[in-house]
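*Asks:* Just passing along the structure, written as structure tokens.
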Amino acid sequence: MAGAQVSMEVGNDGVAIITLSNPPVNDLDVPLIWGLKEKYEEAMKRNDVKAIVMTGDNGKFLGGFDNRVFERVHKTGDLSILPNVSIELLVNVIEDGPKPSVAAIQGHAIGGGLELAMVCHARISTPKAQLGLHELSIGVIPGFGGTQRLPRLVGVEKAVEMMLSSKPITSEEGLELGLIDAIVPSQELLNIARLRALDIAEGRKPLVRSLHMTNKLGPISESREFLNIAKQNAKKTAPNMPQHQACLDTIEEGLVHGGYAGLLKEGEVDSVLVLSDVSKRLVQNILAQRST
């Protein structure tokens, strides 16, 4: 069975299709991150590339980080195992890069997979795809900008609900919320994504950077009041789960000081949580269940 790999094909239309593959379920892993970085840097330099479509292989976009990666961190205490690319790659190269990106989603975009999709400037999906951020269920918070971009795309209240519950939504609900820009049949996914990427590159559609969106955040005072209530509820319902409070604090940091400041806090908080006993226990439980 082939391991994790990232491929790129550039069409005559000037659109580069970057495909992430990690059989059997397309979980995110360290080699995929470095492969994605390599292909994106190449695409940004090539004169024959106007725009980029990011997609997954075998009918799946991308899942969250392979829990075995977290297990290695827990056993060694070595945080360098987890790539620190939230700003260097996702912001500097992809989101703020000179060429637009469109995520072509099928199957699922979960955890880091959804975070990568939200970095793109548009998201096209097939019907019934699963979209969610599940990181709190393994004792950490989203580490690739999810705490900042999801509230800006769907609103603070819905983003908090999705993150604290770790439950996915369908692409149909994502379309209603503004997380997804269009739903198309699977056989048309890449073609429609290519057209959307070219529309953005050539100015027919706006280039939207989700980290800079503010129209769905509402007044800061109201959002902070909602977050304070959510923190009090979390203390009652999840008193031994520090990731809940940390997630809400990180969202608030971004609301008050801006998305970039929120990304910095996200990274600081996650590096502490990933080494916590709570994260170790939750990851061990999940791996034991899958083994059984």
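The values are calculated or read from the model by the stated rules, or taken from the named source; none is laboratory data. Note that the structure is a prediction, hence the values are computed from the model and not measured. Using ideal geometry, Cβ is built from the backbone for each residue, glycine included, and neighbour counts are taken over all protein chains shown.
*Asks:* With the condition kept exactly as written, say whether any residue in segment 43-57 is among the basic types (Lys, Arg), out of contact with any helix residue (DSSP H, G or I) (no Cβ under 7 Å at 6 or more places or on another chain) and under 24 Å from residue 206 (Cα atoms).
*Replies:* yes
*Asks:* Applying the selection to segment 205-225, what residues are in a helix (DSSP H, G or I) and either modelled with pLDDT under 95 or more than 20 Å from the chain's Cα centre (by Cα) (or both)?
*Replies:* Selection gives 220, 221, 222, 223, 224, 225.
*Asks:* Right, something else. Give segment 42-76 a look and list any residue that's within 19 Å of the chain's Cα centre (by Cα), more than 26 Å from residue 276 (Cβ to Cβ) and assigned to a helix (DSSP H, G or I), or say none.
*Replies:* None; the set is empty.
*Asks:* Something else about it: Can you name the residue in segment 1-40 that is surrounded by fewer than 20 Cβ atoms within 10 Å (Cβ to Cβ) and among the hydroxyl-bearing types (Ser, Thr, Tyr) and is also farthest from the chain's Cα centre (by Cα) among such residues?
*Replies:* 7
*Asks:* Just a yes or no: is a residue in segment 77-87 of a type outside the set (Ser, Thr, Tyr), assigned to a helix (DSSP H, G or I), modelled with pLDDT under 95 and under 27 Å from residue 283 (Cα atoms)?
*Replies:* There is at least one residue in segment 77-87 that is of a type outside the set (Ser, Thr, Tyr), assigned to a helix (DSSP H, G or I), modelled with pLDDT under 95 and under 27 Å from residue 283 (Cα atoms).
*Asks:* Then there's this: Search segment 79-101 for residues being of a type in the set (Gly, Ala, Ser) and either closer than 16 Å to residue 69 by Cβ or in contact with a Ser or Thr (Cβ under 8 Å, 6 or more places away or on another chain) (or both), and hand back the single one that is surrounded by the fewest Cβ atoms within 10 Å (Cβ to Cβ).
*Replies:* Filtering first and then ranking leaves 80.
*Asks:* Now, a different point. Residues that are assigned to a helix (DSSP H, G or I) and aliphatic (A, V, I, L, M): does segment 128-145 have at least one?
*Replies:* Scanning segment 128-145 turns up at least one residue that is assigned to a helix (DSSP H, G or I) and aliphatic (A, V, I, L, M).
*Asks:* Ok, one more. Quick test for you: out of 292, 250, pick the one residue that is among the β-branched types (Val, Ile, Thr), surrounded by fewer than 20 Cβ atoms within 10 Å (Cβ to Cβ) and either in contact with an Asp or Glu (Cβ under 7 Å, 6 or more places away or on another chain) or modelled with pLDDT under 95 (or both).
*Replies:* Only one candidate passes the filter, namely 292.
*Asks:* Can you tell me which residues in segment 26-77 are closer than 23 Å to residue 136 by Cβ and touching a residue at least 60 places away in the same chain (Cβ under 8 Å)?
*Replies:* Answer for segment 26-77, where residues must be closer than 23 Å to residue 136 by Cβ and touching a residue at least 60 places away in the same chain (Cβ under 8 Å): 26, 28, 61, 64, 67, 68, 70, 71, 73, 74, 77.
*Asks:* With the structure loaded, tell me whether residue 157 is more than 19 Å from residue 206 (Cβ to Cβ), touching a residue at least 40 places away in the same chain (Cβ under 8 Å) and in contact with a Pro (Cβ under 8 Å, 6 or more places away or on another chain) or whether it fails that test.
*Replies:* So residue 157 does not fit the description; no.
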